[in-house]
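Student: Can you read through this structure? Questions will come right after.
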Amino acid sequence: MHTKPLRTFLLLLFFLPLPALGVPPETATHRIKAELSPADGGIRVSDQVSFKSPRSEFVFTLHRGLSPAAEGAAIEELPPETAGERYGINSSSRSGIYAAYRLTAKKPVRGFTLTYGGIISHLPGEQAQEYSRSFSETTGVISADGCYLSGASGWYPQFGNSLVTFRLETVLPAPYDSVAGGDRVGRKSLPEKNISIWETAKPQDEITLTCGKYAEYSRKDGPLTYYAFLRGPDPELAAGYLEATARYIKLYSELIGPYPYGKFALVENFWDTGYGMPSFTLLGPKVIRLPFIINSSYPHEILHNWWGNGVFVDYEKGNWCEGLTAYLADYLIAENRGKGRDHRMTTLQKYSDYVSAGKDFPITEFRSRHSSSSEAVGYGKVLMVYHMLRGMLGDDNFRRGLRGFYSGNNYKYASFEDMRAAFEKITGQGRLKSFFDQWTRRAGAPALVLKDARVTRGEPDGYVLEFTLAQTQDGPAYALEVPLAVYLEGSRAPRMKTLPMTEKEEVFHYSAPLLPVRLEIDPEFDVFRALSPLETPPTLSRVLGAAKPAIILPSGAAGAPWLAVTGAWTKDKDNLPEISDDAAQSSAPAGAYW
């Protein structure tokens, strides 16, 4: 599941700070009335925009072709070169669907009312990029099946990287209705149209609006309201999700801090997605009915209301959010079921299988996943960094650090540096700098090799185990805390020890009263590292992540049905498989093959 598609594009390529204005963007307050026409993809909007500080010039972006106008002010569309050179806005990106505008008022004002309208209809299309799982995205769509308009749609005026508060009134022909961020503060159902009002005074980083023909279910939980908006009546499915919503919001409120919004809504989308927005999630019709989703991906999307939609991501400095959400949702659920070791092993195995030469990068450069290799770094490596931090600090201090990071950055943009500052309030200032620098700013992973292990008799009795532990990766040594398990003759449980390691190769000694018969390095996979192929069973990911994998098909007519399977490898145009039939293959290929 992924969250807020195209957000990275908006922040890094499109909505850069406006240097000509000389001040950082303020929070923009929008009072929007939007009339949508699903039949023809049309939208008409009146938006009363206001800021705290008056000015006479406002620069904003909007979906091209919406023809904005404002009474008492002049609006001009900016040429791409002016938008880029003067205001840092790349309005030529994403196939030119956005335009940049400059509004000039007759005197300094705090805001204006903008009216505009037109068609927004970009049908969902596959966005897989050398990715082992294909998925579909849209910049924005209004259609008879429903609508999806995010910040990336350009459906409302956006000013730099400013946050927003809003009151959004939607008017839709019955039986369509809307769901958006914030609380629903009004709803009126008329014979021919439905009117809903969504409102939030808490800053958000974008306004996302969805619509459809919904069967609505709800549940109150003290001051909170939980919703399920389904594309057809299904009270049993809705009841299961509403119960799960209450359970996971209680869990994460106790772990991190109070839930940041007044509602949470499960919304069924009209194509398969896994999007998480402030106070709601948009799941596709197939995804929503998979039996395992309610206790796997669903809590992941709920948790995004703390990480990503409660504390916002400063993408320019790296996406800390997806790995943390994966750790506290997907991983923590596995750990509570006694499967933590398996989850960590799989995470490390995906990194080893998918991240080959040229595909690695520091996690401060991770924005969003677009491939199996970027997922292995941005989700998997980051997950393991949090696991190692938790092991270093202990559960109580790790929890205190998370709560401090959340309370200190709620409704603000935050980075890995802000994360470090929150944990250093517990450890002492500067104590975690080397840890964060090593794991967030350096590409790659340590690779551990055990060698020259031998046992001698101790003095005056017992035994001494001596062995060498080497880091074989390119570049300097990592500072590691390596778990060690030593099995002694006649003992069923191992003796555990942690080895501090700061050199590429170090010799260690271990004294024991009984004969050491087995030695294991990091047996529980607690350290982020490149795995040896001998540590894990063969997996499909080794073939999926291999360079130039071979695919061998049955010869003749028997191979025809299997030819479609080879299409799964066409996502990465630079790593297409070599396809042959078994009649032409005299021996097994040298590399990975199917």
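Student: When you scan the range 437-460, do you find a residue that is open to solvent by 40 Å² or more (accessible area, probe 1.4 Å), out of contact with any Cys (no Cβ under 7 Å at 6 or more places or on another chain), closer than 30 Å to D205 by Cβ and hydroxyl-bearing (S, T, Y), even just one?
Tutor: no
Student: Something else: Do you know which residues across the range 315-340 are in a helix (DSSP H, G or I) and over 18 Å from the mean Cα position of the chain (by Cα)?
Tutor: A334, E335, N336, G340
Student: Now for a different question. Take the residues in the range 176-204 that are in contact with a Pro (Cβ under 8 Å, 6 or more places away or on another chain) and more than 20 Å from L266 (Cα to Cα), then tell me which one is surrounded by the fewest Cβ atoms within 10 Å (Cβ to Cβ).
Tutor: Per the criteria, the residue is E192.
Student: Out of the residues in the range 461-501 meeting the condition of being of a type in the set (S, T, Y) and outside any strand (DSSP E or B), tell me which one is most open to solvent (accessible area, probe 1.4 Å).
Tutor: Restricting to residues being of a type in the set (S, T, Y) and outside any strand (DSSP E or B), the top hit is T472.
Student: Show the residue pairs that are 6+ apart or on different chains and have beta-carbon atoms under 7 Å apart, the first residue being within the range 41-64 and over 18 Å from Y101 (Cα atoms) and at pLDDT 95 or above, the second being buried (at least 22 other Cβ atoms within 10 Å of the Cβ) and small (G, A, S).
Tutor: Listed by first residue and then by second, the contacts come to I43/A34.
Student: Filter the range 502-514 down to the residues that are surrounded by fewer than 16 Cβ atoms within 10 Å (Cβ to Cβ) and acidic (D, E) and list them by number.
Tutor: If the condition is that a residue be surrounded by fewer than 16 Cβ atoms within 10 Å (Cβ to Cβ) and acidic (D, E), then E503, E505 are the ones that fit.
Student: Condition first: buried (at least 18 other Cβ atoms within 10 Å of the Cβ), out of contact with any helix residue (DSSP H, G or I) (no Cβ under 7 Å at 6 or more places or on another chain) and touching a residue at least 40 places away in the same chain (Cβ under 8 Å). Can you find one or more residues in the range 551-559 that meet it?
Tutor: no
Conditions tested, residue by residue: (1) more than 28 Å from the chain's Cα centre (by Cα); (2) surrounded by fewer than 17 Cβ atoms within 10 Å (Cβ to Cβ); (3) over 30 Å from P460 (Cβ atoms).
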{"position": "P516", "(1), (2), (3)": "yes, no, no"}
{"position": "P523", "(1), (2), (3)": "yes, yes, yes"}
{"position": "V527", "(1), (2), (3)": "no, no, yes"}
{"position": "L540", "(1), (2), (3)": "no, yes, yes"}
{"position": "V565", "(1), (2), (3)": "yes, yes, yes"}
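Student: Go over the candidates R442, R420 one by one and state the one that is within 30 Å of V311 (Cα to Cα) and either part of a helix (DSSP H, G or I) or touching a helix residue (DSSP H, G or I) at 6+ places or on another chain (Cβ under 7 Å) (or both).
Tutor: It is R420.
Student: Conditions first: (1) in a loop (DSSP other than H, G, I, E, B); (2) over 30 Å from T27 (Cβ atoms). Y411 passes all but one, so which condition is the exception?
Tutor: For Y411, the failing item is (2).
Student: Taking the options Y156, Y116, name whichever one is modelled with pLDDT of 95 or more and not in a strand (DSSP E or B).
Tutor: Y156
Student: What number goes with the only condition from (1) touching a Gly at 6+ places or on another chain (Cβ under 9 Å); (2) modelled with pLDDT under 80; (3) open to solvent by 30 Å² or more (accessible area, probe 1.4 Å) that G591 does not pass?
Tutor: G591 satisfies every listed condition except (1).
Student: For E417, are the conditions met, namely being open to solvent by 40 Å² or more (accessible area, probe 1.4 Å) and touching a His at 6+ places or on another chain (Cβ under 9 Å)?
Tutor: Criteria not met by E417.
Student: Applying the selection to the range 236-261, what residues are open to solvent by 20 Å² or more (accessible area, probe 1.4 Å), closer than 23 Å to T208 by Cα and not hydroxyl-bearing (S, T, Y)?
Tutor: If the condition is that a residue be open to solvent by 20 Å² or more (accessible area, probe 1.4 Å), closer than 23 Å to T208 by Cα and not hydroxyl-bearing (S, T, Y), then P258 is the only one that fits.
Student: So the check is Cβ under 7 Å with 6+ separation or different chains; which pairs have a first residue in the range 285-304 that's of a type in the set (D, E, K, R) and a second one that's open to solvent by 40 Å² or more (accessible area, probe 1.4 Å) and in a loop (DSSP other than H, G, I, E, B)?
Tutor: Listed by first residue and then by second, the contacts come to K286/D272; E301/M1.
Student: Please determine whether any residue of the range 506-520 is over 17 Å from K350 (Cα atoms), without any contact (Cβ under 8 Å) to a residue 24 or more places away in the chain and assigned to a loop (DSSP other than H, G, I, E, B).
Tutor: No, that holds for no residue.
Student: Same structure, new question: Restricting attention to the range 94-120, report how many residues are within 21 Å of I43 (Cα to Cα), in contact (Cβ under 8 Å) with a residue 60 or more places away in the chain and open to solvent by less than 30 Å² (accessible area, probe 1.4 Å).
Tutor: Summing the residues that are within 21 Å of I43 (Cα to Cα), in contact (Cβ under 8 Å) with a residue 60 or more places away in the chain and open to solvent by less than 30 Å² (accessible area, probe 1.4 Å) in the range 94-120 gives 7.
Residues checked against (1) at negative phi; (2) surrounded by fewer than 17 Cβ atoms within 10 Å (Cβ to Cβ); (3) basic (K, R):
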{"position": "E322", "(1), (2), (3)": "yes, no, no"}
{"position": "A326", "(1), (2), (3)": "yes, no, no"}
{"position": "A329", "(1), (2), (3)": "yes, no, no"}
{"position": "R341", "(1), (2), (3)": "yes, yes, yes"}
{"position": "T347", "(1), (2), (3)": "yes, no, no"}
{"position": "Y354", "(1), (2), (3)": "yes, no, no"}
{"position": "L389", "(1), (2), (3)": "yes, no, no"}
{"position": "N397", "(1), (2), (3)": "yes, yes, no"}
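Student: (1) of a type outside the set (F, W, Y); (2) surrounded by fewer than 16 Cβ atoms within 10 Å (Cβ to Cβ); (3) under 18 Å from H304 (Cβ atoms): which one isn't true of R367, the others all being true?
Tutor: The failed condition is (2).
The values are calculated or read from the model by the stated rules, or taken from the named source; none is laboratory data. All values derive from a computational prediction rather than experimental measurement. Cβ: placed from backbone, ideal geometry, glycine included. Neighbour counts: every protein chain shown. Calculation scope for accessible area: heavy atoms of the full protein, side chains included, ligands and nucleic acids excluded. Shrake-Rupley method; radii C 1.70, N 1.55, O 1.52, S 1.80 Å.
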